[in-house]
Amino acid sequence: MQRVLTANQMREAEKAAEEQHGMPSGLLMENAGRALAEAARSVAGQGGRFTVLCGPGNNGGDGLVAARFLLEGGARVVVSLVGDTGKLTLEAKRNLQALEGFGESPRAFEALPEAGPGDVVVDALFGTGLKRAPEGLFADAIGTVARWRRAGAKVVAADVPSGLQSDTAEPFSPCVEADVTVAFGFVKPAHELEPGASLCGDVRRVDIGLGGESTRAVSGAELFRVEEKDAREALPKRRADSHKGTYGHVLVVAGSPGKTGAAAMVALSALRSGAGLVTVATRPEALPWVMAHSPEIMGIPLPGEGPLGKGDLEALKAALEGKDALVMGPGIPRGPETGALIGDLLASVEVPAVLDADALNAVAEDLKVLREAKGPVVLTPHPGEMARLWGRTTKDVQAHRVGVALNLATSLNCTVVLKGSRTLIAEAGGRVFINPTGNAGMATGGTGDVLSGVCGALLAQGIPLPKAAWTAVYAHGLAGDLMAQQRGLMGLIATDLLVGLGHVWTRWAR
Ligand SMILES: NC(=O)C1=CN([C@@H]2O[C@H](COP(=O)(O)OP(=O)(O)OC[C@H]3O[C@@H](n4cnc5c(N)ncnc54)[C@H](O)[C@@H]3O)[C@@H](O)[C@H]2O)[C@H](O)CC1
Ligand SMILES: [K+]
């Protein structure tokens, strides 16, 4: 797992490093500037010129250090201090003096030469200290950086592209678009969440001297980026003497006339993700269609007709006998009693449960029904379903993804998987995991059904939450990435992910 720190948490970590662990403050900036210079050199053309734009804070200080290292290496460097140099922080001022010792004095922005192919522009205007939309000279500078980039220069951003809000990953206008972003110490939400992540280009995290100890002290939600090894290590080893019972039995409550495919995709995905047995419980008129998709799918008819309601409770409790996980929601016939039914069912069984799609819409009417759940619950809403669960607009949800997911998880004491680009997995009590896999080709019907099946299968194999959730999300997204290479972003469909999951498990086989 890679820790993702907010601007405040970075400041707390930097403070802890300096005050508690004796790290001289100038050393953090020295290390940052050196790494920034190395990154700039790595994208420069032969004999290219480096144009370093420095803002009024420590981000600008990083730029001054980078300029000095580039000069020391014999490069052609021009530097400009944009904005009120009187406000330079002490560290930045010290580095301005040091720079002059190398014979380079900052120039007026207007006096800078044009940059083009082979040249590198170092964006050290603003980092985590950005507070509002860049205006005036800062906005002009960002506009010029964009023009130089269009002319062929490479742009390397110090810590965060200037104009991009570090915590929300939302860009102000204007905002730098970088080819490389050097993340100092820790990645920030802006590097991991959209739309910020796309503006950063290649994110290179570098150590600057902030040891793990300095992050122990930080306050607020703990954010992590899931890495492939974390997901791979979560999978159970398959022992030779195991049998299908070892890998659990998933009950899938899904499907209805016209939406039998959803139930089949959940069931097939659970089978393709290692579940020993999978049974689908649905209305009698839908069941044959679901089971026809594959001989491995077993079925239990839910007597009755129309929406799921309290009259189905006993049949569902019986169906859950001997099961190890429940996946409920995709394509179910939803009615006014469905939410209460789900609440009663979860209050009477202990198996881990995945609620997706119309099960989420059913409980959205009264979230209290989930408070009595006996077993662990994971909700897998897409932003629209999250909006209904949270009583806000989808736009609101997307603007506060981390907070909304974390608040819902904590208020319901469950795990929340907020899908979308960079899916978030929030656990009750504070940790939020950011998933880096997946692509826009997965925006096609049924991919959510497949994810809920993977999650159910991993839970049935005994992997606890939230690990089962972020492992399912990572594997599902990776399956999509692998299959998009074969089918194209436009051609990818949900059942391709069933093939892609096979590639993932093969790649992770231990
Ligand atoms: N703190 C450390 O030990 C280290 C920090 N690193 C780098 O420092 C920046 C964060 O620096 P900070 O001084 O907090 O702010 P910025 O340089 O990002 O912002 C500059 C300054 O500008 C003011 N400001 C904010 N928004 C605007 C605006 N729209 N227009 C004008 N002025 C604005 C505000 O007062 C800011 O203070 C971090 O990203 C790192 O790059 C080192 O890397 C490590 C040591
Ligand atoms: K920057």
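All of the numbers you see were taken from the coordinates with simple rules; none came from a lab. Here the structure is a predicted model, which means the values were calculated and not measured. Don't worry about glycine lacking a Cβ; one is built from the backbone with ideal geometry, like all the others, and counts go over all protein chains shown.
Which Cα, out of 153, 168, 308, lies furthest along the positive dipole direction of the chain (beta carbon charges, K/R +1, D/E -1)?
Towards the positive end, the residue furthest out is 153.
Sort 249, 243 so that the residue with the fewest other Cβ atoms within 10 Å of its own Cβ comes first and the one with the most comes last.
Lowest count first: 243, 249.
Could you work out the relative contact order of segment 2-218, using alpha carbon pairs under 8 angstrom and six or more residues apart, expressed as a whole percent?
About 24 percent, as a whole number.
Sort the following peptides by mean Cβ neighbour count (other Cβ atoms within 10 Å, averaged over residues), highest first: 285-295, 326-336.
Per-residue Cβ counts within 10 Å, averaged per peptide and sorted highest first, yield 326-336, 285-295.
Counting other C-beta atoms within 10 Å, which of 237, 317 has the fewest, and how do the rest follow?
Lowest count first: 237, 317.
For segment 108-117, just list the computed ³J(HN,Hα) in residue order, Karplus coefficients 6.51, -1.76 and 1.60, θ = phi - 60°, integers in Hz, with x standing in for Gly and Pro.
Whole-Hz 3J(HN,Hα) from phi for segment 108-117: 5, 4, 5, 8, 6, x, 5, 10, x, x.
At most 16 other Cβ atoms within 10 Å and a DSSP loop assignment: could you name the GluC sites (Glu not before Pro) in segment 205-274 that fit?
227
Taking N as the number of residues in segment 441-480, what is its Cα Rg relative to 2.2 N^0.38 Å?
That ratio works out to 1.13.
List every residue whose amide H lies under 5 Å from the amide H of residue 300, counting only residues 5 or more places away in sequence or on a different chain, with H placed 1.01 Å from N in the peptide plane.
The list, which skips near neighbours in sequence, is 280, 281, 282.
Measure up 244/368; 229/419; 259/323; 259/419; 87/395; 368/467 against 29 Å on the Cα-Cα distance and list the ones that go over.
In this structure, 244/368; 87/395 exceed 29 Å between Cα atoms.
Grab the alpha carbons of segment 1-59, take their convex hull, and tell me the volume per residue in Å³.
124
Of all DSSP beta bridges located in the chain, what percent are antiparallel, nearest 5?
Of all bridge pairs located within the chain, approximately 15 percent are antiparallel.
Extension gain residue 410-residue 147, at 0.36 nm per residue separation less the Cα-Cα distance, in nm?
90.1 nm
Please give the residues of segment 45-68, grouped as numeric ranges, whose backbone N is less than 20 Å from a label point set 7 Å along the Cα-to-Cβ vector of residue 110.
52-55
Please sort 307-313, 191-197 by packing, taking for each peptide the average over its residues of neighbouring beta carbons within 10 angstrom, highest first.
My ranking of the peptides, most packed first, is 191-197, 307-313.
Among 247, 474, which comes first, second and so on when ranked by fewest other beta-carbon atoms within 10 Å?
Lowest to highest Cβ neighbour count: 247, 474.
Can you list residues from other chains, or at least 5 along the same chain, whose modelled amide H is less than 5 Å from the amide H of residue 164?
Residues meeting the criterion, in which the H sits 1.01 Å from N, are 172, 176.
How many percent of Cα pairs in segment 300-413 exceed 17 Å?
53
With r as the distance between the Cβ atoms of residue 217 and residue 499 and R0 = 51 Å, compute the FRET efficiency 1/(1 + (r/R0)^6) and round to 0.05.
So the FRET efficiency works out to roughly 0.65.
For segment 2-218, divide the Cα radius of gyration by the Kirkwood radius and give the resulting Rg/Rh value with two decimals.
Rounded to two decimals, Rg/Rh equals 0.94.
Tell me the GluC sites (Glu not before Pro) within segment 302-353 that lie in a loop according to DSSP and have at most 13 other beta-carbon atoms within 10 Å.
305, 321, 350
May I have the extent of the alpha carbons of segment 359-510 along their three principal axes, as whole Å values ordered from largest to smallest?
Cα extents, longest axis first: 43, 34, 25 Å.
In whole Hz, with x marking every Gly and Pro, tabulate ³J(HN,Hα) for segment 243-250 from phi via Karplus 6.51 cos²θ - 1.76 cosθ + 1.60, θ = phi - 60°.
9, 4, x, 4, 9, x, 10, 9
Using the Karplus curve 6.51 cos²θ - 1.76 cosθ + 1.60 with θ = phi - 60°, work out ³J(HN,Hα) for each residue of segment 257-265 in order, rounded to whole Hz, and write x for Gly and Pro.
Coupling constants for segment 257-265: x, x, 10, 6, x, 4, 5, 5, 5 Hz.
Can you give the Rg/Rh ratio of segment 199-278, where Rg is from the C-alpha atoms and Rh is the Kirkwood radius?
1.19
If one takes the longest principal axis of the Cα atoms in the chain, at what angle in degrees, from 0 to 90 and to the nearest 10, does the Cα axis of helix 338-348 lie?
Roughly 80 degrees between the two axes.
Based on a Kirkwood Rh over C-alpha pairs, give the Stokes-Einstein translational diffusion coefficient of the chain at 20 °C and viscosity 1.002 mPa s in µm²/s.
The Stokes-Einstein estimate is 87 µm²/s.
May I ask you to compute the full-extension gain from residue 97 to residue 3, defined as 0.36 nm times their residue separation minus their alpha-carbon distance, rounded to one decimal in nm?
30.4 nm
Please work out how much length the chain gains when fully extended from residue 242 to residue 132, using 0.36 nm per residue of separation minus the C-alpha to C-alpha distance, in nm with one decimal.
33.7 nm
Please get the size of the charge dipole for the chain, origin at its Cα centre, with Cβ charges of +1 on Lys and Arg and -1 on Asp and Glu, quoted in debye to the nearest 20.
Here the chain has a charge dipole of around 540 debye.
Please get the size of the charge dipole for segment 2-218, origin at its Cα centre, with Cβ charges of +1 on Lys and Arg and -1 on Asp and Glu, quoted in debye to the nearest 20.
200
Taking H as built 1.01 Å from N, whose amide H comes closer than 5 Å to the amide H of residue 205, not counting residues under 5 places away?
Excluding prolines and chain starts, which carry no amide H, the hits are 183.
For segment 359-429, which trypsin sites (Lys or Arg not before Pro) pass both filters: DSSP loop (anything but H, G, I, E, B) and at most 13 other C-beta atoms within 10 Å?
Hits after loop and neighbour filter: 371, 374.
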